[in-house]
1. What residue, among those in the stretch A:504-522 that are within 17 Å of A:ALA555 (Cα to Cα) and at pLDDT 90 or above, is most open to solvent (accessible area, probe 1.4 Å)?
2. Looking only at the stretch B:1-40, which residues are surrounded by 13 or more Cβ atoms within 10 Å (Cβ to Cβ) and modelled with pLDDT under 80?
3. Which of the residues spanning the stretch A:133-152 are over 21 Å from B:PHE300 (Cβ atoms), out of contact with any Ser or Thr (no Cβ under 6 Å at 6 or more places or on another chain) and more than 7 Å from every other protein chain (Cβ to nearest Cβ)?
4. Check off (1) farther than 25 Å from B:LEU431 by Cβ; (2) surrounded by 22 or more Cβ atoms within 10 Å (Cβ to Cβ) for B:ASP589 and give me the number that stays unchecked.
5. With B:LEU526, B:LEU534 as the choices, which residue is at pLDDT 90 or above and open to solvent by 60 Å² or more (accessible area, probe 1.4 Å)?
6. What is the one condition in (1) open to solvent by less than 10 Å² (accessible area, probe 1.4 Å); (2) farther than 22 Å from B:LYS594 by Cβ that B:HIS451 does not satisfy?
7. Could you list all residues from the stretch A:153-196 that are small (Gly, Ala, Ser), open to solvent by 20 Å² or more (accessible area, probe 1.4 Å) and more than 7 Å from chain B (Cβ to nearest Cβ)?
8. Is it true that A:SER350 is open to solvent by 10 Å² or more (accessible area, probe 1.4 Å) and at positive phi?
Number of protein chains: 2
Amino acid sequence: MANEIYLSNKDLDESIKLYFNELLPIKSEKEILNTYEALGRVSFSPVYAKISSPFYNSSAMDGIAVDSKKTYGASDRNHVELVENKDYIVVDTGDPIPKEYDAVIMVEDLINIDKHKVAIYKSAIPWQHIRTIGEDIVEKQLIIPSKHVITPVDIGAMIAGGINKVCVYKMPVVGIIPTGDEIVEPGGELKTGDIIEFNSRVFSAQVKEWGGNPVRFDIVKDDYELIKGVVATAVDKCDIVLVNAGSSAGREDFTCSVIKDLGKVLVHGISVKPGKPVVLGIIKDKPVIGIPGYPVSAYFIMENICKKVVYSYNGMNLIEKKKRQATLSRRIMSSLKYLEFVRVKLACISGKYIATPISRGAGNTMSLVRADGILKIPQNIEGYEAGTKVKVELLKDEEEIKNTLTCIGSHDIILDIVSDLLHVKEDKYFLSSAHVGSMGGIMALKSGETHIAPIHLLDMKDGTYNISYIKKYLCDKNIALIKGVKRIQGLMVPKGNPLNLKSIEDISKFRRRFVNRQRGAGTRLLLDYNLKKLNISSKDINGYEREEFTHIAVAAVVAAGDADCGLGVYSAAKLMNLDFIEIGNEEYDFAIPKEFLKMDVVKKFIEVIQSNEFKRELDKIGGYNYENIGSIKGFF
Amino acid sequence: MANEIYLSNKDLDESIKLYFNELLPIKSEKEILNTYEALGRVSFSPVYAKISSPFYNSSAMDGIAVDSKKTYGASDRNHVELVENKDYIVVDTGDPIPKEYDAVIMVEDLINIDKHKVAIYKSAIPWQHIRTIGEDIVEKQLIIPSKHVITPVDIGAMIAGGINKVCVYKMPVVGIIPTGDEIVEPGGELKTGDIIEFNSRVFSAQVKEWGGNPVRFDIVKDDYELIKGVVATAVDKCDIVLVNAGSSAGREDFTCSVIKDLGKVLVHGISVKPGKPVVLGIIKDKPVIGIPGYPVSAYFIMENICKKVVYSYNGMNLIEKKKRQATLSRRIMSSLKYLEFVRVKLACISGKYIATPISRGAGNTMSLVRADGILKIPQNIEGYEAGTKVKVELLKDEEEIKNTLTCIGSHDIILDIVSDLLHVKEDKYFLSSAHVGSMGGIMALKSGETHIAPIHLLDMKDGTYNISYIKKYLCDKNIALIKGVKRIQGLMVPKGNPLNLKSIEDISKFRRRFVNRQRGAGTRLLLDYNLKKLNISSKDINGYEREEFTHIAVAAVVAAGDADCGLGVYSAAKLMNLDFIEIGNEEYDFAIPKEFLKMDVVKKFIEVIQSNEFKRELDKIGGYNYENIGSIKGFF
């Protein structure tokens, strides 16, 4: 049970090449399905028609079937008479044409002489108005080649061509083994120290999307022999095995030694970030991969390695993600030691993509939910300056990104409601909001990385809101200020206000534990404004340096008992079931370059915030005044 | 049971508007799923986190948890001593931080004094090295909005946020009822006059792709009361009902009257082609649609109407198909009475798309399998001239179209083999072949609508192949001729040669029923060459005017006993189990503009035809000589 102490730092492409060289030839298996059940599956071999369609000659018209030779010579001057059952039979569209006939004359071209005799004035050309055998599909004709993803119309053509069973690639069975002492199944009572297991569910869904068949095993405790037993079973039952966590080189990281014990390890440690501690192993000719525990690391290993492995079994053609050129809105640094995967938001501003990096933490699952694309920074590059044109791999449909209103600035719960209502009102539109505080919003407008910026910036000199900041920082732009809401700001304290806090003075006086907002947040400015008025130094506020990025995050810290109070909006306090001590009103508005007011999605945004539905939602939450919401306060 | 006699000719958009106005509000239903099973489903309402993740403060490093206040003043000159369990506890990465502590000091920054005492030389900043509550997800935070298609990472974030069940749109249940006296289930013995039922299987697959849940009913005979009974049952069980065929206004077309009887009909007959005879009805507030019987008509009604209906239930955002500009390679006429859907092949030649219309028959399912896109010709337009720039809706992935080698010209079975081997050898490449005869291939090269043209054109004057045609017709281009195969051409006759045919003379002498190839086909030229040599008039060949487009189609006609003989290649005869009377050898080569020889896909094509694998396949079929295949015969 010797553990590796150090991980290698092998290049990603090199590792994959090495791994596949050892894995090949991968034995893809086939299976036989009913043709009508084969949607989306991949043909294992070319499919040739067994029968022609139509498989008999049939009439393409209502009329009579004749032997064309008997009609020769018919003309306007010289009609030819034909007798039923001797010279012709009556046929409807679709009726089979007996062998003795080779043409159809339309009912419109017949003169009835009596019930069983007709005259014609034009001879029939052989094969006229006959749908001949194989007009659609000819026996032995190729319907679909091998390695073809079967579509609805393929199913129709195959059945028409007499193919009722079709041979397709078997979907590889992918065993997924979650391991760890601290991980627990979701749904139970959570104890401090528990981590909810969800990686295996993400992997299962990814495998499904890639055309594999995931089989999830129960959570296995961090015990060498237990893990070894489950991995051995999984290798017998599955085509591919993924072991989650324990893939690094720590005390309790058994994945690598288990794989070495049962088979061999080709790579342990790849120079990517996040995702370094990965194990590429082979047991009984089957790929067994140790995947890091941090969700974001795991995601990138799944996307960059496991996906290729699954595709090598299922016959599908791995199409690379679409890439688009984008301009970086900020500088981004990267280590020379790693190929780095950076999650970015993409804003489509005036037809150009602006990429803004989001959280780089390996534990941040929401960053993956929110990301529009991935920027890969190669190993030998230290990073990029703001303004650099980079290639970004798209994670979302391009139309969705193009139809998204980007909203960067101060956070308020109402943005979630607007986002929801906008998309419900108009399917194709989306609102994406990033919470960087009001000053962050102003800066995002300045650098052109957002359509709209929600702000509530208090002028320390005169107590007015927003306008003086726009004038000062955005003087080179023509900015419209859309009226938003007045909202009540106050101190959030635990239910029942156990410490009997009454004002900002009390925080410093009794050294209560405070939780602050980040620099640039309007709420922080409001605190600073009040501290200044009260002549209190920020040093006297215990927790002034502890920063959270949203109102809810502040409320959550207070609700968890981790701080005695924080400053924020009424709605957040209410949501978290906290008590609330009002400090004052503030104006939360939307700044937007004037030219964007023309955009259809902006018009819809204004429609949404002016709608009764939205106002009803605000009333439900409480703490908002929405008089004249959506009107233009002015252009600056 | 009064039938409509005439169909209306209502505009498509107008019909849809009228129909949806009457259908609204559509009552989408919701259902609750386990989060981990919700991949690809659509959220019915916004999903907010129930718990924070992490839901406790945890250490981000290995080290000790301390109260930062007790560390104040520590410096290089003035160390501070801390005692275990009084001033600190030991923590590993991920361990929870008890409430009395607010910072972590890394193990690297500690000096051990004894087993339970350490010294530090730097004070701790509050909250340093702590992963705080909600660092990833904050309780009550929006994870996904409503009407959002759930992805793997969404599943992870929801489970991390304590969401184990998620409310999604119920997939609408779509009842599909095949009707008709002549349609039969596939798999049984086929009698002349039978039509294999496959439309319902195509509909089912389409419905699945659109996020609906198809339920197929058994075939119902053309009986008014029977159909009425099944439709009534289906309306009770399903959200949407599709009745296939019987949607026109003929004698046996009951769909419209049944819907009228049970509910109401809003539209009967829409001005689209193919697809006119459609019935839009409502029974008990549910959409009931009569779909035409011809497979291609049915397909367009499904795509243009039923898809919208399914999407209006399932919460998904119906994204329009991608459109690309293409140049029409031929003139195309269209009726002023209809909006016409034209299936086209797209060739990506030197970076530009060339659209070539393919079969317009409503019964041609293979045309849908082969189509790369749809050109919509509006109702008020008579058609387009060759060279017109048009917008084409893509049916295939654009990358696939771009990576397809277009091959227009003479048909040979070996093209199916090349197509298959090329894609197997290099996943991303495809070969698309259109069979328009050798002269058609020359013309396609001339107009720039193909990369490569397989040809076997006999010079009537000197009996040579191909070169004189290239010189004559493509003198303005620089064409390379790639050596293909020599193939044996001959007369295909039924097994045992019952009529004892020995030569082309016998066809005219005994007036045998012949089946010919289309004008411009090399095989037809070979016949003409032989007729000329033998001094036989084409008028003396019974069936000279009966045209088929491929060797296999000719062989199929002979095999079906519909003709006594045809001219074609040995491989087709063998495939169809026919006897074969050799007439001569011919040279089947590939003409290609010289500049395309540089293309990677062309190199792969040559690699494939030179491969042993390909030659083995040729040997299996027989009748081919492949000496020097793939070499360049010359540039002209």
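The values are calculated or read from the model by the stated rules, or taken from the named source; none is laboratory data. Since we're looking at a predicted model, the values are computed, not measured. So basically every Cβ, Gly included, is an ideal-geometry build from the backbone, and we count neighbours across all protein chains shown. These accessible areas exclude ligands, DNA and RNA; they are computed on the full protein's heavy atoms, side chains included. Shrake-Rupley method; radii C 1.70, N 1.55, O 1.52, S 1.80 Å.
1. Selected residue: A:ARG513.
2. Passing the criteria: B:ASN3, B:GLU4.
3. Residue satisfying the conditions is A:VAL149 alone.
4. Against the list (1) farther than 25 Å from B:LEU431 by Cβ; (2) surrounded by 22 or more Cβ atoms within 10 Å (Cβ to Cβ), B:ASP589 comes up short only on (1).
5. B:LEU534
6. (2)
7. Matches in the stretch A:153-196: A:GLY188 only.
8. Working: open to solvent by 10 Å² or more (accessible area, probe 1.4 Å): yes; at positive phi: yes.
The answer is yes for A:SER350.
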